[in-house]
Amino acid sequence: MMRLGIISEAQRAFPQAKIPHEEEYYRTVIAACADIYKGEPPWAYVKRSGLYGKGERRMSMLGGAKVLCDSLAALTFSSQADIYCADHRQQELVERVLQDNGFWENIPSFFSRAYALGGGALKVFIDGDIGIDYISADSFIPVGGFCGSIKEGIFRSRFYKGGEAFTLFERQGADGSGIFTDRALFSSRDGYLGEQIPVETMFDGLSEHSEYDICEPLFGYFRPAGANNLSDETMLGLSCFANCTDTLKALDIAFDSFSREFVLGRKRIIVPSSCIRTVVDPDTGRISRYFDTDDEVYQALKCDEEKDLKISDNTCELRVSEHVDAINALLDILCFQTGLSSGTLSFSTSGGLKTAAEVKSMETRTEITMQQNRCLAAELIESTVKSIIRCGMLCGDIPKGDISVRVAFSDRQTVDKGEIIDQNVRLVSAGLKSRLSAVMAVLDCSEEDALAEIERIKKEEKV
């Protein structure tokens, strides 16, 4: 067995397929970003210092890449998306499949890793029931596309059965009659690709080649907003921190210095040499010198001057505020480099609590970046929902027919409720909005419920 890159592994799985030669991009960009995201950057270890320092030590890591990706994922997917299907049977199928696959629980982690690696794919498959597979950018190869949209790809997935590890490669593409899927299964151990074995070993009833009478692929790809300036030829996206590694390194250096400040700045006292005792190790004969802090009895010490017996405090002052200011300055630089407003990432908790409306008004760049990525995320979810409906039609769970899907993100979690109330009160008072529309906006209810609420208010006013 030999360790190969994903391009070489895919070429071994599908010798006849035409696969882009992008092994260098996967190794130098995607793999490097994955190491930084996992907390194993190239600068993680530094040489030990001091008289007896030998070898290396691991720095205290701030984990700025993970915090950044989680924050972007939270901004993009701050609330559950609303999915609307024209057919109620399609709506029920989609809700059931998403619930069974834990979609809303897994999608924030998917987006966080997609921001870290530059993209990710959601693949819908049929294995007795309809399932969703979450594919990272390091396990996906775009093979064909049109106008920037990826239509064909190769997926790599790892599974375990009976204590053994398996690696499955799937190639999904289109021919003249519909969509096809080729599969190749390998045994694997410790990341090495082993021998190819029949697909039925892992999946009962699943063949190495399948054809589907549909016109669209059963997967969707998400890439973060922004151009890939490291490669003009690839269809893959770029990690949100691929151009910020110097800032992430500086953050870890500053945080390591901050943590070591408490080690080097521990309380130190200077005592006269006459107060130092010695003890001999009976096994090694080594003499150790120490100051007995528990000694509370009188001692007769020989000295000429009183100052020779004085114990003085030589503790250094901790530079806490300087380190916090430096880290916050670097975080502001990181925000600037990733399209976020200054202060979106902060190392200090002294800023106080702000309402969502204040944050939204202050963070213009963050809002723009969030909306750009939300549009791309909505397209991904819409593509996934359509794939679920197509699979449901293939399985016979729902009748065949037209597919009409709309995905919308709710802003209820990013808009301050008090601001909504004040705005509607002012509009009604100025005669620019009806009371019915204002009640519907404030209570987030239907017209029928709003009319009933207005009638109750009128009755209470009479009382």
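The values are calculated or read from the model by the stated rules, or taken from the named source; none is laboratory data. Since the model is a prediction, treat every value here as computed from it, not as a measurement. Here Cβ is always computed from backbone atoms with ideal geometry, including for glycine, and neighbour counts include all displayed protein chains. What goes into the accessible areas is simple: the full protein's heavy atoms, side chains included, and nothing from ligands, DNA or RNA. Shrake-Rupley method; radii C 1.70, N 1.55, O 1.52, S 1.80 Å.
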#### Entry: Gain on full stretching of the segment that runs from Leu394 to Tyr160 - 0.36 nm per residue minus C-alpha separation
81.5 nm
### Query
At a Förster radius of 45 Å, what calculated FRET efficiency corresponds to the Cβ-Cβ distance of Asp422 and Ser259, to the nearest 0.05?
0.50
#### Entry: Inter-site label distance for Asp129 and Lys462 at 7 Å from Cα along Cβ, in nm
5.4 nm
### Query
Taking the convex hull of the alpha carbon atoms in segment 36-163, what volume per residue do you get, in Å³?
190 Å³
### Task
Mind giving me the nanometre distance, one decimal, between the label points for Glu322 and Leu432, set 7 Å out from Cα along Cα→Cβ?
5.3 nm
### Query
What residues have an amide H closer than 5 Å to that of Asp87, excluding those fewer than 5 places away on the same chain, when H is modeled at 1.01 Å from N in the peptide plane?
Ser404
### Query
By the scheme Lys and Arg +1, Asp and Glu -1, what is the net charge of all other residues having a beta-carbon under 9 Å from that of Gly55?
+3
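Multiply the residue separation of Arg286 and Tyr45 by 0.36 nm, subtract the distance between their alpha-carbon atoms, and state the gained length in nm to one decimal.
83.5 nm
At 1.4 Å probe size, put Lys151, Lys38, Lys54 in order of accessible surface, largest to smallest.
Lys54, Lys38, Lys151
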